[in-house]
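The numbers here are math on the coordinates, done by the rules we state, and not lab data. The shown structure was predicted, so the numbers you read here are calculated from the model rather than taken from an experiment. When we count neighbours, we look across all protein chains shown, and the Cβ atoms used for this are built from the backbone with ideal geometry, even at glycine.
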Amino acid sequence: MDIIKGPKSRFFKVRCEKCKNEQIIFGKSSSKVACLVCNKPLAEPTGGKVKIYGRVLEVLS
């Protein structure tokens, strides 16, 4: 019996605290993620998962 594992990485819908823009980011991004509207940092890499600075609205798989 083989067990198929799902992906360990996720996408997050994040709201910028400054301009309220909603943006989808990758949970294991290797570079800094900035808001596309106001350029405020939304997430930065920590060597594995990202540290998110905005409000997480939804976890997408």
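Okay, here's what the table says:
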| item | result |
| --- | --- |
| Contour excess over end-to-end distance, with Cα ends at residue 60 and residue 8 and 0.36 nm allotted per residue | 17.5 nm |
| Pairs of lysine residues in the chain - Cα separation under 22 Å, sequence separation of 8 or more or cross-chain | 25 |
| Distance (nanometres) between label positions extended 7 Å along Cα→Cβ at residue 20 and residue 38 | 1.1 |
